[in-house]
Amino acid sequence: MKLEIQNINHNYDVEVLKDLNFMLDNHNSIAIIGVSGSGKSTLLRLMSGLEKPTSGTIKINDLAVDNPEYKKHVGFVFQQHNLFPHLTLKRNITLILEKTRSKTKQEADEIAMKYLKLLHLEDQVNKLPKNVSGGQAQRASIARALSGNPEIIFLDEPTASLDPILTHEVLTAVEELKGLGKSFIFVTHVLSFVKDFADYVIYMHEGKIHECGTPDILDDPKTNELNEFMKKVR
Amino acid sequence: MVSNSLSLNKLKTIISYIAAIMTVIAFMVFVALRQTDDFSFEPFFPYRNVILNGIKNTIFVSIISLLGSMVLGFILYLLQKSKIKYFNALIDVFTEIIYGTPLLVLIIVTAFLIGPAFNSYNRNLFGVLALIIYMSPYMKNVYKAAFSSISHDQYLAMDLFGFTPFQRYFYIIIPQVIRILMPPLMNNFSLIIKGSALLNLLSYPELFFTIDVAQSRNFAYVEGYILMWGLYLLITIPLSQFTKYIERKLSL
């Protein structure tokens with residue numbers, strides 16, 4: 001995956017990201033870490049095209065994220081599963097495939113089942129999101145993100161609302177996806193997962209990329225801030 | 001074991017309801033037995049067809065008012081959400097005035113002042129219009145609550161998957177909103193049914209008016225009001241039961 005971030009500024013009411021410039025190539029699993037309010041979720045949302053930056057451009061694999069084509073190449077997993085609550089786990093996937101990817105009912109069904117099985121949900125496919133556990137719902141939303149066959153999957157703190165057991169369950173499921181040949185960009189607080197799964201780490205601090213590199217930087221931080229962060233998280 | 005305790009719970013609920021209904025009936029019987037005057041619905045028997053017609057008219061205007069206020073309420077909702085400040089202000093002022101206006105006054109003003117100002121002396125029409133206007137801010141709130149129940153993230157997801165505006169409304173938004181809309185909508189319908197009694201001021205032959213006419217001839221005033229009470233309950237209780245059923249059926 002090739003990632004180019006140029007002159008990104010982003011404000012809500014306050015300045016969240018400040019003059020961000022960044023280039024990266026040949027990494028397929030990028031973790032973004034940092035304290036709350038450091039701008040990491042915002043950066044993820046901008047890279048996924050979910051939100052538009054106040055100024056600046058982002059290109060991933062040479063495609064600008066504001067290009068309408070780009071959305072077809074990405075999948076997004078939200079903090080809280082964000083499945084459509086009135087649809088079953090399976091329908092959450094087939095509806096999208098039928099209506100926006102012009103698949104037939106049967107094709108959509110096959111694809112949905114394939115990914116739900118991959119996430120170990122074959123027994124839950126006809127349940128509504130409210131009738132499954134948080135971990136199962138989150139796995140279903142990962143299946144939904146995968147079902148459009150995207151190149152890149154974004155995960156925005158996928159386990160933030162889950163207890164440690166469900167967190168483990170979801171993250172293990174994500175690790176099993178390594179062989180699919182997809183790229184992952186994710187925000188998480190679970191550092192063991194970062195070490196296991198990421199091949200590149202971006203540490204955000206006060207709206208800037210403060211330190212970045214292979215996961216080794218977590219064991220040997222160069223900056224005081226990351227050092228402090230690691231102490232607190234441990 | 002689970003299903004056992006579940007049905008036991010259900011049994012308890014049913015018994016509680018029967019006990020509650022008995023309590024109300026006991027109170028009514030007590031009140032009835034304490035009366036010294038004669039009490040009979042018989043004097044209303046000759047008016048049964050007129051009263052039946054009154055029930056029909058009450059249901060008719062209530063449905064018209066429900067539909068009308070749903071449409072007007074939706075327009076108000078859209079104007080309130082509009083980016084044009086003037087519309088927001090207009091809706092605010094309108095809502096404030098309606099909240100403070102007795103329905104009775106609104107019906108009189110609409111039928112006797114506003115109607116004629118537009119060269120219309122069709123009082124029934126303007127009476128129903130008053131009912132529609134009166135309910136519209138409440139309907140607006142119902143829409144507001146329903147639509148705000150769809151999270152920002154859901155809109156982002158629809159965006160991400162590339163749903164067209166039609167697909168968004170048809171497959172995602174409306175199916176969810178209807179579930180939330182139904183119960184308050186039906187509550188408002190009950191308000192409308194009771195509110196429609198005030199249309200008797202315009203001599204519209206709805207339930208209240210027809211019984212009122214009968215009362216003025218047979219002088220059975222108290223009985224007339226009791227009869228009226230019973231007939232309104234006969235319309236509103238099945239409606240609210242139906243609402244609860246829908247609520248259970250659609251709940252998320």
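No value in this document is a laboratory result; all are computed from the given coordinates. Quick caveat: nothing in here was measured; it's all calculated off a predicted structure. Reconstructed Cβ throughout: ideal geometry from the backbone, glycine too, with neighbour counts over all protein chains shown.
Here are the numbers:
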item	result
Output for segment A:94-126, where each listed residue is over 20 Å from A:GLU169 (Cα atoms) and part of a loop (DSSP other than H, G, I, E, B)	A:ARG101, A:SER102, A:LYS103, A:THR104, A:ASN126
Out of A:LYS90, A:LYS114, sole residue that is crowded, with 16+ Cβ neighbours inside 10 Å, away from every other protein chain (no Cβ under 11 Å), more than 18 Å from the chain's Cα centre (by Cα) and more than 15 Å from B:ALA157 (Cα to Cα)	A:LYS90
Residue match in segment B:162-181 (condition: over 30 Å from A:LYS71 (Cα atoms), more than 12 Å from chain A (Cβ to nearest Cβ) and assigned to a helix (DSSP H, G or I))	yes
Some residue of segment A:37-58 being more than 14 Å from chain B (Cβ to nearest Cβ), in a strand (DSSP E or B) and more than 29 Å from A:ASN224 (Cβ to Cβ)	yes
Within segment A:93-111, tally of residues that are within 12 Å of another protein chain (Cβ to nearest Cβ) and farther than 27 Å from A:LYS130 by Cβ	1
Residue check, A:ALA108 within 24 Å of A:HIS27 (Cα to Cα), surrounded by fewer than 23 Cβ atoms within 10 Å (Cβ to Cβ), free of Cβ contacts under 8 Å to residues at least 40 places away in the same chain and among the aliphatic types (A, V, I, L, M)	no
Breaking point among (1) crowded, with 19+ Cβ neighbours inside 10 Å; (2) out of contact with any strand residue (DSSP E or B) (no Cβ under 8 Å at 6 or more places or on another chain); (3) more than 13 Å from chain B (Cβ to nearest Cβ), for A:VAL174	(2)
Answer residue from segment B:121-146, given it is over 19 Å from B:VAL61 (Cα atoms) and out of contact with any Pro (no Cβ under 9 Å at 6 or more places or on another chain) and is surrounded by the fewest Cβ atoms within 10 Å (Cβ to Cβ) among those	B:LYS144
